[in-house]
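The values are calculated or read from the model by the stated rules, or taken from the named source; none is laboratory data. Just so it is clear, the model here is predicted, and its values are computed rather than measured. Here the Cβ positions follow ideal geometry from the backbone for every residue, glycine too, while neighbour counts run over all protein chains shown.
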Amino acid sequence: MPPVFRFAPSPNGLLHLGHAYSALLNFDRARETGGRLLLRIEDIDATRCRPEFEAAIYEDLAWLGIVWETPVRRQSEHLADYRAALEKLTALGLVYPAFESRAETARLVAAREADRPWPRDPDGAPLYPGDAKSLSADERTRLIASGVPYALRLDMVAACRRVGGLSWSELGVGPDGERGIIAARPESWGDVILARKETPTSYHLSVVVDDALQNVSEVVRGRDLFHATSVHRLLQVLLGLPEPTYRHHALIRDSAGRKLSKSSRSTGLRELRSAGVAPADVRPLVGLG
């Protein structure tokens, strides 16, 4: 079977040069290997994702000369797939509801840090500090029935105990020069959120389900997601999903060395087009020649 690649933007803003770099890398890899390029629209966040941004994604990618297979997978149309995966993890006894609000969680972290530094995940966010795992089944049922908001979290200790050691094959280079076979350390993320009451899936859960259902064989994405691969490998094993190879690439940064955001107007593809930049000019701008 030919290799399968995917570019998976979220329609919560306009694309910038960083997106162009990742999309072009995937496009080039598909052409070099005789593979397939898929486009996935990650539109789970209904509060930030907008139809006009999705339309702009198609327009900008076509302007770059990128061709992808259709139909495009839109995550919002496949919520049943994520629900099934979540139910499987729940049946394994690895999911529990946590009822603290974001503000309450922040207060718990602050209280714990009064004595010593509280551990943080690779992105710098504090690990979940609550004790929702100790609630009885009756108490959980009562809170859910009363309408209290909650997040569904993965019991990381139990999950890691179930699968043992994990690794992945890295074809790119990690933040500290890592390459080859990388030891996964999902425990460094703590009890990650898999879904919320109002949002039926998280990025971690949906990305591994989508990659498996779309037969993605090589994941080409930014180096900012390198450490998250540990969580993805854990979920893949727990759910019995195939393991792709990974190629994490460098990030395009602004003049101050910051990672580009969708508010970076000077590097937005729409702004560059308006300034008269041609599609062929984008490749040297992102270092592809």
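List of remarks:
- The set of residues in region 172-199 that are over 17 Å from Leu86 (Cβ atoms), of a type in the set (Val, Ile, Thr) and either buried (at least 16 other Cβ atoms within 10 Å of the Cβ) or touching a helix residue (DSSP H, G or I) at 6+ places or on another chain (Cβ under 8 Å) (or both) comprises Val173, Ile182.
- Among the residues making up region 87-129, those that are crowded, with 16+ Cβ neighbours inside 10 Å and farther than 29 Å from Val209 by Cα are Leu108, Val109.
- Test set (1) out of contact with any helix residue (DSSP H, G or I) (no Cβ under 8 Å at 6 or more places or on another chain); (2) on the phi < 0 side of the Ramachandran plot - His232 fails condition number: (1)
- Candidate set from region 1-46 (those that are assigned to a strand (DSSP E or B) and aromatic (Phe, Trp, Tyr)); member that is surrounded by the most Cβ atoms within 10 Å (Cβ to Cβ): Phe5
- Residue satisfying condition, being crowded, with 21+ Cβ neighbours inside 10 Å and within 21 Å of His78 (Cα to Cα), within set Ser217, Ser206: Ser206
- Qualifying residue in region 78-91 (condition: modelled with pLDDT of 95 or more, over 30 Å from Leu135 (Cα atoms) and of a type outside the set (Phe, Trp, Tyr)): yes
- Which numbered condition Gly65 misses (of (1) surrounded by fewer than 17 Cβ atoms within 10 Å (Cβ to Cβ); (2) more than 24 Å from the chain's Cα centre (by Cα); (3) on the phi < 0 side of the Ramachandran plot): (3)
- Taking the criterion of being among the aliphatic types (A, V, I, L, M) and assigned to a loop (DSSP other than H, G, I, E, B), the residues of region 204-228 that qualify are Val216, Ala228.
- Candidate set from region 130-171 (those that are among the hydroxyl-bearing types (Ser, Thr, Tyr) and in contact with a strand residue (DSSP E or B) (Cβ under 8 Å, 6 or more places away or on another chain)); member that is surrounded by the most Cβ atoms within 10 Å (Cβ to Cβ): Tyr150
- Qualifying positions in region 169-179 - assigned to a loop (DSSP other than H, G, I, E, B) and either of a type in the set (D, E, K, R) or not assigned by TED's automatic domain parsing to the domain that holds Ala98 (or both): Asp176, Glu178, Arg179
- Yes/no for Ile182 being among the β-branched types (Val, Ile, Thr) and assigned to a strand (DSSP E or B): yes
- Residue among Val231, Val237 that is farther than 21 Å from Gly124 by Cα and either of a type in the set (A, V, I, L, M) or not in a helix (DSSP H, G or I) (or both): Val237
- Residue pairs whose Cβ atoms lie under 6 Å apart, sitting 6 or more positions apart in sequence or on different chains, and linking a residue in region 213-232 that is closer than 25 Å to Gly165 by Cβ to a partner that is surrounded by 21 or more Cβ atoms within 10 Å (Cβ to Cβ) and basic (Lys, Arg), are Val216/Arg6.
- Residues of region 190-203 classified as under 30 Å from Arg253 (Cβ atoms) and assigned to a strand (DSSP E or B), total: 1
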